[in-house]
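Read the structure below first, then the notes.
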Amino acid sequence: MKYIADDQSLSPEAFLTLANQVWPGEYDLEKTRIALEKTQNITAYQGERLIGCLRILSDGYYFGTITELLVLPEFQKQGIGSQLLNLAKTHAPTLLYFGAQPGVEPFYEKNGCQKGMQSYIIPKTKPFISL
């Protein structure tokens, strides 16, 4: 198992292969490339295969958030997600805030994460155009 704390060479193709096995969806390759350039990408590889990724979005001073923590289903419950979180704790430029999917809170608490503020979602809406 190889872990990289700031994977500058993470390709959008490899990330989408991983993402589609954890959260299937219709993802745009170019938009994914741009998104990956804006985050610190902490990765786990088995050989050349990307099997886990934690992404951090931060302003570098005030705020940081974990955008997602993905581990291939067949590699879950083997300590990979915990190692990715440990690397995030030691390599993130700021305190990290994030939301958790319902039911996985015990995983984060087991890994030393503390419940913080309540999170909310603001759905994206179409801009109001005045005539």
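Scan segment 23-46 and tell me whether some residue there is at pLDDT below 95 and in contact with a strand residue (DSSP E or B) (Cβ under 9 Å, 6 or more places away or on another chain). Yes, because at least one residue in segment 23-46 is at pLDDT below 95 and in contact with a strand residue (DSSP E or B) (Cβ under 9 Å, 6 or more places away or on another chain).
One residue alone among Arg49, Arg55 is touching a residue at least 12 places away in the same chain (Cβ under 8 Å) and among the basic types (Lys, Arg), and that residue is Arg55. Residue-level analysis places Tyr97 among those that are under 15 Å from the mean Cα position of the chain (by Cα) and among the aromatic types (Phe, Trp, Tyr).
Each row is one residue, and each column tells you yes or no for (1) closer than 17 Å to Ile4 by Cα; (2) buried (at least 17 other Cβ atoms within 10 Å of the Cβ).
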| residue | (1), (2) |
| --- | --- |
| Asn41 | yes, yes |
| Tyr62 | no, no |
| Leu72 | yes, yes |
| Ala88 | yes, yes |
| Thr94 | no, no |
| Phe107 | no, yes |
| Ile122 | no, no |
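Filtering segment 62-74 to residues that are under 20 Å from Tyr120 (Cβ atoms), in contact with a strand residue (DSSP E or B) (Cβ under 9 Å, 6 or more places away or on another chain) and outside any strand (DSSP E or B) leaves only Phe63.
The condition (being closer than 16 Å to Met1 by Cβ, of a type outside the set (Val, Ile, Thr) and part of a strand (DSSP E or B)) is satisfied by just one residue among Leu18, Leu57, Leu84, Leu50: Leu50. For the criterion of being part of a loop (DSSP other than H, G, I, E, B) and free of Cβ contacts under 8 Å to residues at least 24 places away in the same chain, Lys77 passes.
The values are calculated or read from the model by the stated rules, or taken from the named source; none is laboratory data. The model shown is predicted, which means the values in this text are computed figures rather than measured ones. Cβ atoms come from the backbone with ideal geometry, glycine included; neighbour counts cover every protein chain shown.
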